[in-house]
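Readers should treat all values here as calculations from the given coordinates under stated rules, not as data from a laboratory. Model, not experiment: these values are computed from the prediction. Counting neighbours? That spans all protein chains shown, and the Cβs are built from the backbone with ideal geometry, glycine included.
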Amino acid sequence: MRILLDALSAEREQWRHGYDLMKETGLSSGTLYPLLMRMTDQGLVEAEWREPAQPGRPARHAYRLTAAGFALALERPGGGEHLPATASLA
């Protein structure tokens, strides 16, 4: 979960697609998506359906950390090392 928290907290306000998170973290889909679902159920990640940018493409889930998820990322060992000094929980 640490690598996923790091990836999501690096760009906390930006919605991220699972495929992009797989590429960044190196996690397989069989690991990533159950983690994202569990973290969503725990209130650490929010998920929403995003309409496609191009007509004819399917809608996709997008994910980002909640304030609770960001706080956990900062609490865990190594948390926040990659974040700019101006990062906040807001």
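Data overview
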| quantity | calculated |
| --- | --- |
| Around Leu44: net Lys/Arg minus Asp/Glu count, Cβ-Cβ under 11 Å | 0 |
| Linear extension gain, Glu48 paired with Ala62, 0.36 nm per residue minus alpha-carbon span | 4.5 nm |
| Note, ³J(HN,Hα) from phi for the stretch 20-29, Karplus 6.51, -1.76, 1.60, rounded to Hz, x at Gly and Pro | 5, 5, 4, 5, 5, 8, x, 6, 7, 4 |
| As computed over the stretch 2-75, the Cα convex hull volume per residue (Å³) | 87 Å³ |
| Local electrostatic count at Pro58 - Lys and Arg +1, Asp and Glu -1, tallied over other residues with Cβ under 14 Å | +2 |
| Cβ-based exposure ranking for Asp6, Asp41, in which fewest neighbours within 10 Å come first | Asp41, Asp6 |
| Amide H contacts of His61 (H built 1.01 Å from N, under 5 Å, at least 5 apart or other chain) | Arg50 |
| Amide H contacts of Thr66 (H built 1.01 Å from N, under 5 Å, at least 5 apart or other chain) | Val45, Glu46 |
| The stretch 52-58 - phi-based ³J(HN,Hα) in whole Hz, Karplus 6.51/-1.76/1.60, Gly and Pro as x | x, 6, 10, x, x, 8, x |
| Added length on full extension, which subtracts the Cα-Cα distance from 0.36 nm per residue, Thr31 to Trp15 | 3.8 nm |
| Cβ-based net charge around Ala7, under 12 Å, with every Lys or Arg adding one and every Asp or Glu removing one | +1 |
